[in-house]
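The values are calculated or read from the model by the stated rules, or taken from the named source; none is laboratory data. Everything numeric here is computed off the predicted structure, so don't read it as measured data. Neighbour counts run over all protein chains shown; Cβ positions are idealised from the backbone, glycine included. Surface accessibility is based on the protein's heavy atoms, side chains included, excluding ligands, DNA and RNA. Shrake-Rupley method; radii C 1.70, N 1.55, O 1.52, S 1.80 Å.
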Amino acid sequence: MFNLLFQKINITHCIILFFSLMQLNGFSQDVATLKNNNVISYIKARFPNKITDVIVDKNTVTVKGIISGASQNLYLCELRMFDEITISKKDFVSATLLKAQGSNFQIQLPRTASANNETYDRLYSRWIITAKNGANYQAQSYAHYAEDINEAALQYLPEEKPNGKKGLEGFFQESRESDLQDLGIQNITMNITLPQVISLEPTQYSYKFCNKTYYLNPNTIQKYDRQIKLCSDNNIYVTAVILIQQNIAQNIKSILVHPDANTGVQSMANITSQQGFDYYAALIGFLAERYSRTNKEYGRISNWIVHNEVDNGIYWANAGNAKMEYYTELYDRVLRTTYYTVRQYNPAAKVFISLTHAWATTVQPAYYAPQQMLALLTDMSSKQGDYEWGVAFHPYPEDLSNPSTWNDKGATMDLNTTKVITPKNIELIDEWMRMETHLYKGQKVRTLLFSEQGANSKSYSKEDMLAQAAVIAYMWKKCSRLPSLESFDYHAQCDNRNERFKFGLWTVKTGTIATPDQKKTSWYIYQKAGTSSEDSALVFALPIIGISNWAQAYNNLTGTIMPYTVTFNVTKAGVPLKGASVFFNGEMHKTINGEAVFYNVAALSKNRIYSVQADGKTVKQANVVITKPQTITVKL
């Protein structure tokens, strides 16, 4: 009788728990819908006033804007990175009454401020014009982030580019380092997992952010030192992927993992609170400072990919039940936080959104369509202040188990409707990158990385390994010709027993997870890619693909804007001028031995102004039209 009663009580408790969880999930969905609707209303609104620029230097923030003549009782209000945007708010961290002379205003404020006894850095703030209406502030402009941060940089580094496109992803698992030279690798994509970087106890590695000291795990840092230094010493360009796994100790999880994360393997960064934001910015700050030193003491990270495949956010960057618009706006804030942090140490560093091969549609309802995410990210950049983000795309075959990507049925040549972008229709992502509406500040082609893609060998039979090699030849031939592509980082060096597929260039050693054992046919083919022997080495793939020449595999390159390199040679009295500042194309670069190089300059048939400053004075200013690679000689 007692057991029967106990069972009934347990059943009752389970029923109550079930319905409680259902109600909680319903509440969570309601909150997600409300947040999403707030973002949609804000992005689609038309405001009468506009903030035109936010300029940040080492000590001050200058906000400039335009207000309409009919506007009254206006305030310049401040949102920190972890403050969420709505059209109507009761309070802001700061509100300054606007007393504009005519239609323009300019307000200068200290860069550091405090709220609730917490110091914060206004480099990360955004600014919005509001009208006070009773107890609420009503938005009268889009919120605007910092755009001009040249003088906030703590040092100058020139923009660098890899010597070629060939790269590897996942190299540092159980790697064979000789492959870097043997394969002619010029790019490496590596993972940096923040929960392994952080230490909640004092260590020999620390970083100060907003008057607080944060500590780093020595074992993790020293491992990264060795890996990144190895690459830099071999003139290999490093891209880091910032990851936050969820299966970690609770005391670290409460800091780094997004509080709404409810499933999946990894989390969106927790920038929903002062503590979470400060920790994230501090960890990125330590890494950026260490791996941006002028002498490359510990190596150099030039590209920062923020999380993995965020269109599959439920699995790789979970933020709960967030819908697409709110999720993308939240991700934009994480992306910007990374950008403003790393640019203080490397003014040419770039951040990237990571995407699967999906495009106009999603594989599952809980995923987000990359095409829609990129459209929204572009729109927000236009309305809230542009910054130099790029795209880290993963163009795997449509069916990861089937390497014959030339048969991908969902890969069509319609950019608006294709389900996926794979090697078969890879020209489409290049077309998107080279549209004038997608340029950085309307002047520079954003950087495109293929940071992870591979071809499966169904088995270790000679036939299957030859088929894998043919796919890699096809992928390389198709991808390497794209004008906007900077790197092709093949996944992976070696097969991995934790993965369902055999993407590696090596077989895996018995008893290990990813230790290289034997070279596959694909290793020898990838070695020849990008060399003078490429054409003769890759010709074997043509009959496997079912074509007689590579031109039959190519689709037209329809991007409207070409990216070119523009070099300024600045001399004074015939001698190369060192340290002059050249302002051009929405950027500033300093001359090194009289030379300043600007990459990815969009070819446009319109005048662009350049100016040269020396000793704090403008010594040259002129117009130029860029329609091809160009060297501009400036004689002072």
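For segment 168-177, the condition holds for no residue, the condition being that it is part of a loop (DSSP other than H, G, I, E, B) and at pLDDT 95 or above. Only one of the listed residues (405, 412) is β-branched (Val, Ile, Thr) and within 23 Å of residue 466 (Cα to Cα). That residue is 405. Checked against the criterion of being among the aliphatic types (A, V, I, L, M), at pLDDT below 95, outside any helix (DSSP H, G or I) and open to solvent by less than 50 Å² (accessible area, probe 1.4 Å), the candidates 51, 85 yield just one match: 85. Looking only at segment 434-464, which residues are open to solvent by 30 Å² or more (accessible area, probe 1.4 Å) and over 24 Å from the mean Cα position of the chain (by Cα)? Correct list: 458, 459, 460, 461, 462, 463, 464. With respect to (1) surrounded by fewer than 21 Cβ atoms within 10 Å (Cβ to Cβ); (2) part of a loop (DSSP other than H, G, I, E, B), the lone exception for residue 308 is condition (1). Figure legend. Inter-residue proximity from segment 144-172: first residues over 28 Å from residue 489 (Cβ atoms), second residues part of a loop (DSSP other than H, G, I, E, B) and among the aromatic types (Phe, Trp, Tyr), beta-carbon distance below 7 Å, spacing 6+ or different chains. Indicated pairs: 154/345.
Take segment 346-379 and flag every residue that is in contact (Cβ under 8 Å) with a residue 60 or more places away in the chain, within 19 Å of residue 600 (Cβ to Cβ) and in contact with a strand residue (DSSP E or B) (Cβ under 6 Å, 6 or more places away or on another chain). Of everything in segment 346-379, those that are in contact (Cβ under 8 Å) with a residue 60 or more places away in the chain, within 19 Å of residue 600 (Cβ to Cβ) and in contact with a strand residue (DSSP E or B) (Cβ under 6 Å, 6 or more places away or on another chain) turn out to be 350, 352. Tell me yes or no: at least one residue of segment 208-218 is in contact with a Cys (Cβ under 9 Å, 6 or more places away or on another chain), open to solvent by less than 70 Å² (accessible area, probe 1.4 Å), aliphatic (A, V, I, L, M) and assigned to a strand (DSSP E or B). Scanning segment 208-218, I find no residue that is in contact with a Cys (Cβ under 9 Å, 6 or more places away or on another chain), open to solvent by less than 70 Å² (accessible area, probe 1.4 Å), aliphatic (A, V, I, L, M) and assigned to a strand (DSSP E or B), so the answer is no. Residue count for segment 237-280 under the criterion of being open to solvent by 10 Å² or more (accessible area, probe 1.4 Å), part of a loop (DSSP other than H, G, I, E, B) and not polar (S, T, N, Q): the result is 7. Please work out which residue is surrounded by the most Cβ atoms within 10 Å (Cβ to Cβ), limiting yourself to segment 481-506 and to residues that are among the acidic types (Asp, Glu) and closer than 18 Å to residue 460 by Cβ. Looking at residues that are among the acidic types (Asp, Glu) and closer than 18 Å to residue 460 by Cβ, I get 495.
When residue 302 is tested against (1) of a type in the set (Ser, Thr, Tyr); (2) over 17 Å from the mean Cα position of the chain (by Cα); (3) crowded, with 18+ Cβ neighbours inside 10 Å, only condition (2) is not met. Kindly evaluate residue 375 against the criterion of being in a loop (DSSP other than H, G, I, E, B), under 30 Å from residue 44 (Cα atoms) and open to solvent by 30 Å² or more (accessible area, probe 1.4 Å). No: the conditions fail for residue 375.
Here is a check on your reading of the model: is residue 70 among the aliphatic types (A, V, I, L, M), modelled with pLDDT under 95 and in a loop (DSSP other than H, G, I, E, B)? Talk me through it step by step, then tell me what you get.
Values: among the aliphatic types (A, V, I, L, M): yes; modelled with pLDDT under 95: yes; in a loop (DSSP other than H, G, I, E, B): yes.
Against the criterion (among the aliphatic types (A, V, I, L, M), modelled with pLDDT under 95 and in a loop (DSSP other than H, G, I, E, B)), residue 70 qualifies.
The residues of segment 414-450 that are under 15 Å from residue 360 (Cα atoms) and touching a His at 6+ places or on another chain (Cβ under 7 Å), listed by number, are 420, 421, 422, 432.
For (1) surrounded by 15 or more Cβ atoms within 10 Å (Cβ to Cβ); (2) hydroxyl-bearing (Ser, Thr, Tyr); (3) without any contact (Cβ under 8 Å) to a residue 60 or more places away in the chain, each residue gets a yes or a no:
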{"site": "577", "(1), (2), (3)": "yes, no, yes"}
{"site": "589", "(1), (2), (3)": "yes, no, no"}
{"site": "606", "(1), (2), (3)": "no, no, yes"}
{"site": "612", "(1), (2), (3)": "yes, no, yes"}
{"site": "620", "(1), (2), (3)": "yes, no, yes"}
{"site": "634", "(1), (2), (3)": "yes, no, no"}
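If the condition is being under 24 Å from residue 271 (Cβ atoms), open to solvent by 50 Å² or more (accessible area, probe 1.4 Å) and out of contact with any Ser or Thr (no Cβ under 7 Å at 6 or more places or on another chain), then segment 96-129 contributes 114, 116, 117, 118. Select from segment 380-414 the residues that are more than 17 Å from the chain's Cα centre (by Cα), more than 30 Å from residue 52 (Cβ to Cβ) and touching a residue at least 60 places away in the same chain (Cβ under 8 Å) and write down the one among them that is surrounded by the most Cβ atoms within 10 Å (Cβ to Cβ). This residue is 403.
Look at residue 417 and say whether it is β-branched (Val, Ile, Thr), in contact (Cβ under 8 Å) with a residue 40 or more places away in the chain, part of a loop (DSSP other than H, G, I, E, B) and surrounded by fewer than 21 Cβ atoms within 10 Å (Cβ to Cβ).
Numbers: β-branched (Val, Ile, Thr): yes; in contact (Cβ under 8 Å) with a residue 40 or more places away in the chain: yes; part of a loop (DSSP other than H, G, I, E, B): yes; surrounded by fewer than 21 Cβ atoms within 10 Å (Cβ to Cβ): yes.
Yes; evaluated as a whole, the condition is true for this residue.
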